[in-house]
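Beneath this line is the structure, given in structure tokens, with notes to follow.
The values are calculated or read from the model by the stated rules, or taken from the named source; none is laboratory data. All values derive from a computational prediction rather than experimental measurement. Cβ placement follows ideal geometry from the backbone for every residue including glycine, while neighbour counts extend to all protein chains displayed. Ligands, DNA and RNA are stripped out before the accessible areas are found, and what is left, the full protein with its side chains, is counted by its heavy atoms. Shrake-Rupley method; radii C 1.70, N 1.55, O 1.52, S 1.80 Å.
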Amino acid sequence: LEALRWKWERADGCAGVVLAHSLGGGTGSGLGSRLLLELRDRHPKHYLLSACAAPFGPGELPLAAYNAMLALASLHETADGVFYFDNAGLMRSLAGAAG
């Protein structure tokens, strides 16, 4: 947070932040949600956007669906916008683009 604060104070007219993270579990869902909450508390008037990737499917991690659901509930409360990406859809798009 200190590095972001330092950059934010030195930027000319920074309107907000886009945080890219996963929702499957562990660091991406928990830390990403907490980081947006801390940023919202410190910068209530700036835009906070979340670009998050959903887990592949129910077999990837046993608790991935619960982590994603809890993280999305938190993002709904704190972020101004959420860009929701499906991992399987992203992989299909990349495979189609690669040839």
**Item:** DSSP-loop trypsin sites (Lys or Arg not before Pro) across segment 20-50, with at most 10 other Cβ within 10 angstrom
**Value:** Lys45
**Fill in**
Summing -39500 (n - 2.57) over every DSSP H run of at least 4 in the chain, dividing by its residue total and rounding to the nearest 500, the 222 nm mean residue ellipticity is -14500 deg cm²/dmol
**Asked** At a 1.4 Å probe radius, carbon and sulfur cover how many percent of the accessible area of the chain?
**Response** 63 percent
**Prompt:** Hey, what angle do you get for helix 32-42 against the long axis of the chain, alpha-carbon based, 0 to 90 degrees rounded to 10?
**Reply:** 20 degrees
**Asked** For helix 87-98, what angle does its Cα long axis make with the longest principal axis of the chain, in degrees from 0 to 90 and rounded to 10?
**Response** 80 degrees
**Item:** Test item: Cα-centred dipole of the chain, Lys/Arg +1 and Asp/Glu -1 on Cβ, debye
**Value:** 120 debye
**Other-chain or far-sequence residues with amide H under 5 Å of Val82's (modelled H)** = Ser50
**Cα gyration tensor shape for segment 12-99, rounded if a/c is under 1.5, else prolate or oblate** = oblate
**Leading residue at positive end of dipole, the chain (Cβ point charges), from Ala71, Leu1, Gly96** = Leu1
**Heavy-atom accessible area per residue - segment 14-73, 1.4 Å, Å²** = 56 Å²
